[in-house]
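Accompanying notes for the structure given below.
Readers should treat all values here as calculations from the given coordinates under stated rules, not as data from a laboratory. Quick caveat: nothing in here was measured; it's all calculated off a predicted structure. Cβ sites come from the backbone with ideal geometry, for glycine too, and all protein chains shown count toward neighbours.
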Amino acid sequence: MSLAIELRDIATQLARQAGDMALHGRKTGTLKLETKSSPVDMVTQYDKASEELITAGLAQLRPHDAIVGEEGANTRGTSGITWHIDPIDGTTNFMYDLPTWAVSIGAVDEHGPIAGAVYAPALNEMFSAARGHGAHVNQTLLTVRSIPSLQHALVATGFSYNVAGRAPHTQRVARMLMTVRDIRRMGAAAIDLCFVAAGRYDAYFEEGLNSWDLVAGQLIATEAGAVVTNFNGDSVTPAQVLATSPELQQNMINLIRECSVEKP
């Protein structure tokens, strides 16, 4: 078994355990809510419990790997593998009992993302990928939708937790609506990337993410045939993420540029 497949299988195993635990807790328990970076940046006891379950599993299965987690996990490693964990991506959706939230677990080596899993328990969908081995949802191979025309493109985006920073993006999206088929805002970056991989979206773009939002979904989208870059077509970073089919990429780069609010 290749290392990429081994890591993918670990990611799917732990994502399923953590996601099923969180879903059961959401259906049967009382939520304890806190805020983090802003009044709209929520965290629950299940975010923390999910991360604890995943980090404990990695400590047992991959004790020499590094870990970076949204809820504070920060473990140094010696293996050259680093895990990026979002224990609940889409906590607001989770809080409101909307089904579009996920556990995202991605592994990175010196060449970039090598394995990842994004598990949406309320949808009963496990998205996964191993570098060089394609991407799947459950047992179905994923392939991006081929569509070169912006006019027929369904585009997804997200809004920053920094409320003051939302105005420029809101104006940009309003301008885009005149060109594309429609806009969707799901509220979970990992799911957005997976939906591009599955052909449910034609493009997704967002600013101001973190590594744990990006790593697993980036690999899943890439292995499904998507191009994942920044807004200029250069290497992707959490600061700017654009995922599209290859045919649509340049059109989306141009559209983002044309619709962006000019800075004084």
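Show me the strands (runs of 3 or more DSSP E) found entirely inside the stretch 51-166 where at least 3 residues are farther than 24 Å from Q249 by Cα. Per the criteria, 66-69, 82-89, 102-109, 112-120. Of the numbered criteria (1) in contact with a Lys or Arg (Cβ under 8 Å, 6 or more places away or on another chain); (2) in contact (Cβ under 8 Å) with a residue 60 or more places away in the chain; (3) acidic (D, E), the one D213 fails is (1). Restricting attention to the stretch 174-193 and to residues that are without any contact (Cβ under 8 Å) to a residue 60 or more places away in the chain and in contact with a strand residue (DSSP E or B) (Cβ under 7 Å, 6 or more places away or on another chain), the residue that is nearest to A216 (Cα to Cα) turns out to be D192.
T140 fulfils the conditions (1) of a type in the set (S, T, N, Q); (2) under 21 Å from the mean Cα position of the chain (by Cα); (3) more than 26 Å from W83 (Cβ to Cβ) except for a single criterion, (3). Residues in the stretch 207-222 that are out of contact with any strand residue (DSSP E or B) (no Cβ under 7 Å at 6 or more places or on another chain) and on the phi < 0 side of the Ramachandran plot: N210 alone.
Reported count of residues in the stretch 167-179, each being in a helix (DSSP H, G or I), over 13 Å from F205 (Cβ atoms) and of a type outside the set (G, A, S), is 4.
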